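First up is the structure itself, then whatever we jot down about it.
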Amino acid sequence: MTKILVDGVEVDVPPEFTLLQACEEAGAEVPRFCYHERLSIAGNCRMCLVEVKGGPPKPQASCAMAVKDLRPGPAGAPPEVFTKSPMVKKAREGVMEFLLVNHPLDCPICDQGGECDLQDQALAFGGDSSRFIENKRAVENKYIGPLVKTEMTRCIHCTRCVRFTAEVAGTGEMGAIGRGEDMEITTYLQSAMSSELQGNVADLCPVGALLPKPQNFRARPWEYQKTESVDVQDALGSAIRVDTRGREVIRILPRVNDAVNEEWISDKTRQVVDGLARQRLDRPFIRESGRLRPASWQEALGAVAAKAKSTAGAKMGALVGDLAALEEIFALKLLAEKLGILHLDCRQDGSRVDPSFGRASYLFNATVAGIEDADALLIVGSNPRKEAPVLNARIRKRWLKGGFNISLVGERADLTYDYQYLGAGPDSLLQFIQREQEPAKKRLVLIGQGALARPDGDAILALAAQAAQRRGGISEGWNGFSVLHAAASRVGALDLGFVPGRGGLPAHEFVKRGALDLVFNLGADEIEIEPGAFVVYIGSHGDRGAHRADVILPGSAYTEKSGLFVNTEGRVQVASRAAFPPGEAREDWAIFRALSGALGDALPFDSLTQLRKALFERHPHLQRLDAIESGDAGSIAKLAQHSAVAMKDPFVSIIADFYLTNPIARASAVMAECSALAQSRLRQAAE
């Protein structure tokens with residue numbers, strides 16, 4: 001550690017700290033535009049100027065100078081830095097004056113107004129007048145896709161967006177052309193960006209040059225009601241903030257969570273907003289003569305109760321979809337126990353993960369933050385860029401540091417980092433296990449659902465466990481066996497044991513014609529239930545599941561209820577209610593409580609608090625919020641001994657279209673436009 005004086009305050013900081021970081025450690029405020037904690041240092045806005053005692057007789061850019069570069073004072077005294085001296089004040093006013101030379105006076109009509117770094121810093125650190133009277137330059141707006149709107153006349157060339165696309169997103173699609181007054185930020189050919197993380201450039205932009213296009217002119221920042229929540233578009237559980245105005249969700253922004261998503265979110269997470277209001281189920285429906293007609297809650301619950309009472313438990317089943325919270329899954333399980341239902345499943349994609357193998361067999365045991373500790377990576381049957389774009393960015397971050405060998409078994413894909421391609425199927429995985437080579441010390445074995453959602457998924461799971469055991473994935477203090485889920489509800493449902501009981505059928509079997517007479521479908525829209533069964537659909541959107549239903553009981557979307565979710569690494573998180581469900585729709589757990597009442601045997605809770613108390617009594621680890629209950633690494637050894645025969649078919653990613661993976665996304669016009677662009681890009685590449 002190195003001692004340094006900042007405005008007379010002594011602090012101990014690492015020598016590799018920048019002066020800006022040291023000043024913040026001492027509690028001094030240093031303005032900046034180009035500097036960002038998660039991007040490389042550019043040093044081109046010059047707003048973070050400070051005075052260094054004993055240094056050059058001019059202000060220094062604090063973001064580009066390290067503490068170790070300072071000379072000590074007389075007799076070994078700590079070096080001194082000043083952030084409020086007259087020299088610094090004058091320098092910052094001059095820099096701000098230059099920044100505003102060409103910046104338009106757009107504040108009254110700019111969507112960034114009210115949360116604009118330039119506004120705030122011009123007030124705090126700028127002068128009260130300008131000496132420049134020349135005409136301001138004008139820059140033509142660029143088309144960079146359907147998610148980000150450009151007003152490039154406002155651009156101050158901080159290059160945050162350029163560095164983000166090059167370093168975090170890994171596409172390098174943005175850059176600067178021209179010099180001096182002719183410099184412009186662009187995608188060169190004015191084409192749409194292809195990254196699944198492109199919306200983050202709007203958050204990074206310190207001015208109103210890059211803005212979220214779907215929210216253009218929708219509301220002002222001070223009109224929003226802000227609610228902290230978690231994302232359910234994938235199984236990562238990114239920390240988000242849901243901004244609402246009245247009953248309407250207007251936008252979704254990321255929150256900082258270094259253990260999960262840092263401060264990035266995927267484009268689907270950010271812009272699925274319009275899908276929350278479209279194709280909603282806002283009243284119960286009953287199918288009569290092949291057509292769905294509106295019904296009252298009493299009538300709909302009565303129809304379900306009558307069918308359930310006339311059906312044996314052995315001929316009933318229950319399905320859980322990808323967006324369900326723990327509370328409604330638990331309520332459905334309790335209802336299934338009362339009805340004697342054995343055919344339960346949360347794996348509508350046919351995944352072969354099972355709680356009987358132990359909790360470590362279906363968790364991302366290395367943890368998301370643990371990716372940065374790994375020294376090698378084996379990807380099996382997964383495309384992380386499509387299945388969890390933010391996690392893929394974390395892998396790229398580790399790869400950029402070097403000393404990180406990545407191997408892939410499965411479909412070839414552009415993952416934004418280099419990898420060694422081993423082959424397409426189980427044979428290649430077996431060859432990797434048997435290869436004579438020095439194993440890594442901390443190998444991460446990432447198994448995707450493309451390897452597990454197939455008839456031989458249990459065999460592939462066993463092979464992956466063998467790869468972890470023999471090639472450095474399991475060692476003292478390290479469990480690199482990591483399953484990457486694609487469904488937000490999957491880990492929580494597995495924790496609750498929502499899988500077939502003894503004698504029960506898995507989902508891909510009990511949905512077949514003639515297998516069952518009654519199926520409770522909790523938001524499972526990615527599986528086809530063949531004709532024959534009476535289907536009760538509990539969900540929020542009029543998607544595939546609702547089209548097949550005989551009775552529809554309208555539920556809530558994830559922004560309209562308070563619910564617990566367990567992410568792919570086993571972290572328990574809370575999604576808070578930001579809005580209310582439309583019309584007569586209700587929270588899903590309350591629907592099951594009402595249904596049990598109609599059956600004459602009410603579930604033992606009347607409120608969400610009582611339900612959670614019962615949930616925590618059965619599963620105590622779920623009450624430890626934002627904590628990970630680690631699985632037993634010993635179960636990986638048992639899994640490796642599991643006998644099963646793998647097929648030779650190549651692995652195929654479970655996600656064909658990143659933008660249309662669930663009912664909310666398929667209801668979104670913005671996601672439909674993004675999907676059309678992506679498909680067009682694929683066709684052009686094929687040609």
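The values are calculated or read from the model by the stated rules, or taken from the named source; none is laboratory data. A quick note: this is a predicted structure, and the numbers were derived from the prediction, not measured. Every residue, glycine as well, gets a Cβ built from its backbone with ideal geometry; the counts of neighbours run over all protein chains shown. SASA here: full protein model, heavy atoms, side chains in, ligands and nucleic acids out. Shrake-Rupley method; radii C 1.70, N 1.55, O 1.52, S 1.80 Å.
Here are a few things to note about the model shown:
- Every residue from region 118-138 that is of a type in the set (A, V, I, L, M, F, W, C) and in a helix (DSSP H, G or I): L118, A122, L123, A124, F125
- Residue list for region 523-553, filter: over 12 Å from V511 (Cα atoms), in a strand (DSSP E or B) and without any contact (Cβ under 8 Å) to a residue 24 or more places away in the chain: Y537
- Qualifying positions in region 174-193 - open to solvent by 40 Å² or more (accessible area, probe 1.4 Å) and either in contact with a helix residue (DSSP H, G or I) (Cβ under 7 Å, 6 or more places away or on another chain) or among the β-branched types (V, I, T) (or both): A176, I177, E184
- Which listed residue, of S630, S680, S653, S635, is modelled with pLDDT under 95 and either open to solvent by 50 Å² or more (accessible area, probe 1.4 Å) or touching a His at 6+ places or on another chain (Cβ under 8 Å) (or both): S630
- Matching option when the condition is open to solvent by less than 30 Å² (accessible area, probe 1.4 Å), at pLDDT 90 or above, under 36 Å from the mean Cα position of the chain (by Cα) and more than 29 Å from A166 (Cα to Cα), among A66, A28: A28
- Residue match in region 301-322 (condition: assigned to a loop (DSSP other than H, G, I, E, B) and buried (at least 22 other Cβ atoms within 10 Å of the Cβ)): yes
- For Q112: the one exception among (1) touching a residue at least 40 places away in the same chain (Cβ under 8 Å); (2) in a loop (DSSP other than H, G, I, E, B); (3) out of contact with any strand residue (DSSP E or B) (no Cβ under 9 Å at 6 or more places or on another chain); (4) not acidic (D, E): (3)
- Within region 584-602, the set of residues being touching a Lys or Arg at 6+ places or on another chain (Cβ under 6 Å) and at pLDDT 95 or above comprises E584, E587.
To keep it simple, each residue is scored yes or no on (1) more than 30 Å from G457 (Cα to Cα); (2) more than 28 Å from the chain's Cα centre (by Cα).
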residue: L599; (1), (2): yes, yes
residue: S607; (1), (2): yes, yes
residue: R612; (1), (2): yes, no
residue: Q623; (1), (2): yes, no
residue: E629; (1), (2): no, no
residue: A633; (1), (2): no, no
residue: I636; (1), (2): no, no
residue: L639; (1), (2): no, yes
residue: P650; (1), (2): no, no
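- Set V207, V168: member being aliphatic (A, V, I, L, M), touching a helix residue (DSSP H, G or I) at 6+ places or on another chain (Cβ under 7 Å), within 24 Å of R398 (Cα to Cα) and touching a residue at least 40 places away in the same chain (Cβ under 8 Å): V168
- Test: residue in region 566-586 that is of a type in the set (D, E, K, R) and surrounded by 23 or more Cβ atoms within 10 Å (Cβ to Cβ): yes
- Taking first residues from region 635-649 that are basic (K, R) and partners that are open to solvent by 60 Å² or more (accessible area, probe 1.4 Å), the Cβ contacts under 7 Å between residues at least 6 apart in sequence or on separate chains come to K648/D427.
- Within region 447-494, considering residues that are crowded, with 24+ Cβ neighbours inside 10 Å and of a type in the set (S, T, Y), the one farthest from the chain's Cα centre (by Cα): S482
- For region 83-109, the tally of residues that are in contact (Cβ under 8 Å) with a residue 40 or more places away in the chain and of a type outside the set (K, R) stands at 9.
- Condition check for R251: touching a helix residue (DSSP H, G or I) at 6+ places or on another chain (Cβ under 8 Å), without any contact (Cβ under 8 Å) to a residue 40 or more places away in the chain, among the charged types (D, E, K, R) and under 28 Å from A393 (Cα atoms): yes
- Meets criteria (surrounded by fewer than 15 Cβ atoms within 10 Å (Cβ to Cβ), closer than 16 Å to R32 by Cβ and of a type in the set (A, V, I, L, M, F, W, C)) for A91: no
- Just one residue in the set F605, F592 is within 25 Å of H343 (Cα to Cα), assigned to a loop (DSSP other than H, G, I, E, B) and open to solvent by less than 20 Å² (accessible area, probe 1.4 Å); that residue is F605.
- Considering region 334-353, the residues that are of a type in the set (D, E, K, R) and either in contact with a Lys or Arg (Cβ under 8 Å, 6 or more places away or on another chain) or closer than 27 Å to G448 by Cα (or both) include one that is least open to solvent (accessible area, probe 1.4 Å), namely D345.
- Among residues of region 662-676 that are free of Cβ contacts under 8 Å to residues at least 40 places away in the same chain, those with a beta-carbon under 9 Å from a residue that is surrounded by fewer than 23 Cβ atoms within 10 Å (Cβ to Cβ) and of a type in the set (K, R) at least six positions away or on a different chain give the pairs A672/R666.
- Only listed residue being touching a residue at least 24 places away in the same chain (Cβ under 8 Å), out of contact with any Gly (no Cβ under 8 Å at 6 or more places or on another chain), hydrophobic (A, V, I, L, M, F, W, C) and farther than 21 Å from A314 by Cα, chosen from F330, F357: F357
- Residues in region 40-62 that are crowded, with 18+ Cβ neighbours inside 10 Å and in contact (Cβ under 8 Å) with a residue 60 or more places away in the chain: A42, C45, M47.
- Some residue of region 182-195 being part of a helix (DSSP H, G or I) and either of a type in the set (A, V, I, L, M) or out of contact with any Phe, Trp or Tyr (no Cβ under 9 Å at 6 or more places or on another chain) (or both): yes
- Beta carbons closer than 8 Å, at least 6 apart along the sequence or on distinct chains, pair a first residue in region 7-18 that is at positive phi with a second that is open to solvent by 60 Å² or more (accessible area, probe 1.4 Å) and among the basic types (K, R) for D7/K84.
- Residue check for S382: within 20 Å of A488 (Cα to Cα) and either assigned to a helix (DSSP H, G or I) or open to solvent by less than 20 Å² (accessible area, probe 1.4 Å) (or both): yes
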